[in-house]
């Protein structure tokens, strides 16, 4: 049974540009779900609809069986962490965190107990009296998280919370967020454009494109089995070739024959493969083979990346640094049938 | 090095040009003779005493303080919500509205004075004090919208959204989160508006009426018939109030707050 449901959500800005087009999403209780996509795909808009900052033109948002579409933000009881943290500059850490509890008119002792407790969970006990301007990005981030969590929200919403932190801190913080989220068992929506961040933290990922969810699945499935060309491109499948089904095999326009392990329905299919999954064909292989000329070579440290020009277009191929191919030489590429994934175009 | 010397010379010249007249006026205010002379022959504060013992000056000084205070407070009450609305809304004609609000700073004061005279005094026959107050409100409002507006531009509105999400209604969030973070802008707006109202001549000249006049307007009238050091003394008092305000701004926020 879904805990949080978005059903046929339409959002339009200025009556013209449609940002969300009949978006559907179901999240189970206690899950951490990421909304992943390029900028402008509508992921932040989706979060703002859930938060209550935007009222959708049509569609229903419900939580735990209750329709909340028209309930104003301050009555929803959701915790939100903003990209800019949005701490109250005129209040110290303690008062920032206590703000939501004061709004709920709890008595002083209860407030004190809850604030101290959450500060402890977030590792902030020693910073009670500090003001936001006196803290580092990572500490502010934790204050924002504590402030959102202390009200015991029914839903936690995170809007690119890690994008203002440096790389190392980002990895620590996402582990921290996951730890706290699991500990409190709170249903969470997480907006990000960073796929590594998203895969590492999420139970499920919704990849968004132009106002709709292209694929909603576990991180593993998204990474290994993208369903559409857009998803594949977004998560690093660089090579695409149009394939037509002929019996048990697939053929390209030029007539090269491919076999593929996975299956997919649909009229317009493409095969896709990551640069690092392409191998060099041996003498015996005759299927799933493309012949091409080596073009630009780029050194990536552990490997070289080559542009290979084939009859099916340009292919990006990664090969270990020990294996070197000169520009202009001819190579035969082998696309293993377990790694060649079918997607809808 | 030579360049620096030249710069110093220019700076001294410019400051001298700006400040010397003020110093001369201040000095003449303390003269004993009944004509304005410089340098003065002997020291006396009798002209200051005369200002405060002359009924028209005393009353107009209080009127000016009262008008400046009331006009500024009303301008803040109207201007802060207006500035907030302009900063927050995605209204289409936003820039046009902004320009309209700021137009009194661009349109010559004498035009505003005349228009208000025509409209408030001749057509509507508004009581003199009310007319003056309305005129000064118009003069001060743009400063409030401008200064508070720039303060709001630096305010991160997601902070306000955060307050909403924590269970704070919109009105309460405005008072508890937005206002405390734009206090420096509000104080700066207060000072600027107050000073501008207190020193304003063109609008006051048109709207002053029998028995009600502002301090600078009374001074203008006085100069027409008299030319004794009382004029200097009044000028010094005007400067003193302005300088006092500036000192308060500087002590509380720093002069830079006005330049924002």
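The values are calculated or read from the model by the stated rules, or taken from the named source; none is laboratory data. Owing to the predicted nature of the structure, the values given are computational and were not obtained by experimental measurement. Cβ sites come from the backbone with ideal geometry, for glycine too, and all protein chains shown count toward neighbours.
Before moving on, here are some points about what is shown:
- Where residue A:246 falls short, out of the listed (1) without any contact (Cβ under 8 Å) to a residue 24 or more places away in the chain; (2) touching a strand residue (DSSP E or B) at 6+ places or on another chain (Cβ under 6 Å): (2)
- In segment A:73-83, residue farthest from the other protein chains (Cβ to nearest Cβ) [restricted to those that are crowded, with 18+ Cβ neighbours inside 10 Å and more than 13 Å from residue A:50 (Cβ to Cβ)]: A:81
- Any hit, segment A:10-17, residues being at the interface with another protein chain (Cβ under 10 Å from one of its Cβ atoms), surrounded by fewer than 21 Cβ atoms within 10 Å (Cβ to Cβ), within 18 Å of residue A:188 (Cα to Cα) and in contact with a helix residue (DSSP H, G or I) (Cβ under 9 Å, 6 or more places away or on another chain): no
- Check on residue A:21, in contact (Cβ under 8 Å) with a residue 12 or more places away in the chain, surrounded by fewer than 19 Cβ atoms within 10 Å (Cβ to Cβ) and part of a loop (DSSP other than H, G, I, E, B): no
- Some residue of segment A:20-43 being within 13 Å of chain B (Cβ to nearest Cβ) and on the phi > 0 side of the Ramachandran plot: no
- Every residue from segment B:34-60 that is in contact (Cβ under 8 Å) with a residue 24 or more places away in the chain, loosely packed, with under 14 Cβ neighbours inside 10 Å and within 17 Å of residue B:24 (Cβ to Cβ): B:35
- The strands (runs of 3 or more DSSP E) found entirely in segment A:197-289 that carry 3 or more residues being over 15 Å from the mean Cα position of the chain (by Cα) are A:239-246, A:249-251, A:269-273.
- Residue list for segment A:92-128, restricted to those being under 23 Å from residue A:154 (Cβ atoms), over 33 Å from the mean Cα position of the chain (by Cα) and more than 14 Å from every other protein chain (Cβ to nearest Cβ): A:107, A:110, A:113
Residues checked against (1) under 26 Å from residue A:230 (Cα atoms); (2) out of contact with any helix residue (DSSP H, G or I) (no Cβ under 8 Å at 6 or more places or on another chain):
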residue: A:33; (1), (2): yes, yes
residue: A:39; (1), (2): yes, yes
residue: A:52; (1), (2): no, no
residue: A:64; (1), (2): no, yes
residue: A:68; (1), (2): no, yes
residue: A:73; (1), (2): no, no
residue: A:80; (1), (2): no, no
residue: A:84; (1), (2): no, no
residue: A:87; (1), (2): no, no
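- Selection status of residue A:180, modelled with pLDDT of 90 or more and surrounded by 15 or more Cβ atoms within 10 Å (Cβ to Cβ): no
- Residue within segment B:175-188 that is more than 14 Å from chain A (Cβ to nearest Cβ), touching a helix residue (DSSP H, G or I) at 6+ places or on another chain (Cβ under 8 Å) and either crowded, with 22+ Cβ neighbours inside 10 Å or over 23 Å from residue B:109 (Cβ atoms) (or both) present: yes
- Within segment A:41-64, the set of residues being closer than 21 Å to residue A:204 by Cα and surrounded by fewer than 17 Cβ atoms within 10 Å (Cβ to Cβ) comprises A:62, A:64.
- Restricting A:161, A:89 to those that are at pLDDT below 90 and within 14 Å of chain B (Cβ to nearest Cβ) reduces the list to A:161.
- Residue B:166, sole failed condition from (1) closer than 21 Å to residue B:86 by Cβ; (2) at pLDDT 90 or above; (3) within 11 Å of another protein chain (Cβ to nearest Cβ): (1)
- Count of residues meeting criterion [surrounded by 13 or more Cβ atoms within 10 Å (Cβ to Cβ) and either in a loop (DSSP other than H, G, I, E, B) or not assigned by TED's automatic domain parsing to the domain that holds residue A:338 (or both)] in segment A:312-323: 1
- Residue match in segment B:212-235 (condition: within 14 Å of chain A (Cβ to nearest Cβ) and either at pLDDT below 90 or surrounded by fewer than 22 Cβ atoms within 10 Å (Cβ to Cβ) (or both)): no
- Qualifying helices (runs of 4 or more DSSP H) (wholly inside segment A:73-165; at least 1 residues being free of Cβ contacts under 8 Å to residues at least 40 places away in the same chain and closer than 23 Å to residue A:32 by Cα): A:108-121, A:137-149
- Test: residue in segment B:151-162 that is in contact with a strand residue (DSSP E or B) (Cβ under 7 Å, 6 or more places away or on another chain), modelled with pLDDT of 90 or more and either within 30 Å of residue A:153 (Cβ to Cβ) or buried (at least 23 other Cβ atoms within 10 Å of the Cβ) (or both): yes
- Any hit, segment B:101-109, residues being away from every other protein chain (no Cβ under 14 Å), surrounded by 17 or more Cβ atoms within 10 Å (Cβ to Cβ) and more than 18 Å from residue B:76 (Cβ to Cβ): yes
- Matching residues, segment A:59-72, being more than 14 Å from chain B (Cβ to nearest Cβ) and either in a loop (DSSP other than H, G, I, E, B) or within 25 Å of the chain's Cα centre (by Cα) (or both): A:59, A:60, A:61, A:62, A:63, A:64, A:65, A:69, A:70
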